[in-house]
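First comes the structure, then the notes that go with it.
The values are calculated or read from the model by the stated rules, or taken from the named source; none is laboratory data. Remember, predicted model here, so these are calculated numbers, not experimental data. Note that we place each Cβ from the backbone using ideal geometry, even for glycine, and neighbour counts take in every protein chain shown.
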């Protein structure tokens, strides 16, 4: 568990730096939005391109990917069904909430957890790539079509896809991985450096946004959305992962434990960046990320005890 604690310490340190920056108003009133837009439009596409271009597609398309996909899709569908039929939320806000409930922090927390707790950093690769290359782009395409101010046609929908920087970076990275092509180092080095700013920018933007805000405020009108998303993320997602891994795929021992632990990772911080980008569900994303990041360590300790 020291590896888990160390990984979370890094995350919270950067968030606290962002909080201090916001507290001192160093970036002005639009600092959080500016960092979020930098992460979304510039740094994240570079990070995706670099990460995917160096990935092993045989490792990605493994049983762990099936578990990650099944558990994430199940949670997202349950969340959307509840908030649409019961809470009567709009589709774009429902999509942001579904992202908060189903997307795990597979990069800056998943990697240290896989390395120090599970003993093999490559175990998180299928989860990471599934989210970067498939699940997140699906959400972004849906958000692009539902937040457009004009009637969505087939042409406009395709145009929104090809203009989305996240999807562009994903597509180029997968093509490079599949073909084995390599961009010249003089091109890759700037991409690598810019991509390195993605995670710090996301975390600091999140930290800045915490100034003056309190989670689960009743007057925000989204307390039950946040509690639902957090419960699905920390309870239902690892439970579905266990059922699929154990009974559908016959996984046992350490591989089974790994699949369940990775499903129990907290919500990804880039959901908050996406919420700011599409100006929808910001409170839901922020509070769900905050609550699940706090509760993830004890949740993983319980899982370790149950599966020991």
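A compact table of results
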{"item": "Residue among 51, 64 that is over 25 Å from residue 165 (Cβ atoms) and either assigned to a loop (DSSP other than H, G, I, E, B) or touching a helix residue (DSSP H, G or I) at 6+ places or on another chain (Cβ under 7 Å) (or both)", "result": "64"}
{"item": "Test: residue in the stretch 57-68 that is farther than 20 Å from residue 233 by Cβ and modelled with pLDDT of 90 or more", "result": "no"}
{"item": "Yes/no for residue 231 being at pLDDT 90 or above, closer than 17 Å to residue 104 by Cα and under 16 Å from the mean Cα position of the chain (by Cα)", "result": "no"}
{"item": "Selection within the stretch 71-83 - within 20 Å of residue 286 (Cα to Cα) and free of Cβ contacts under 8 Å to residues at least 24 places away in the same chain", "result": "80"}
{"item": "Test: residue in the stretch 182-190 that is modelled with pLDDT of 85 or more, within 17 Å of residue 46 (Cβ to Cβ) and either surrounded by 16 or more Cβ atoms within 10 Å (Cβ to Cβ) or under 22 Å from the mean Cα position of the chain (by Cα) (or both)", "result": "yes"}
{"item": "All helices (runs of 4 or more DSSP H) inside the stretch 175-282 with 3 or more residues being within 20 Å of residue 75 (Cβ to Cβ), touching a residue at least 40 places away in the same chain (Cβ under 8 Å) and touching a helix residue (DSSP H, G or I) at 6+ places or on another chain (Cβ under 7 Å)", "result": "223-231, 237-243, 253-263, 270-278"}
{"item": "Looking only at the stretch 97-144, and only at residues there that are part of a loop (DSSP other than H, G, I, E, B) and under 19 Å from residue 203 (Cα atoms), the one that is modelled with the lowest pLDDT", "result": "108"}
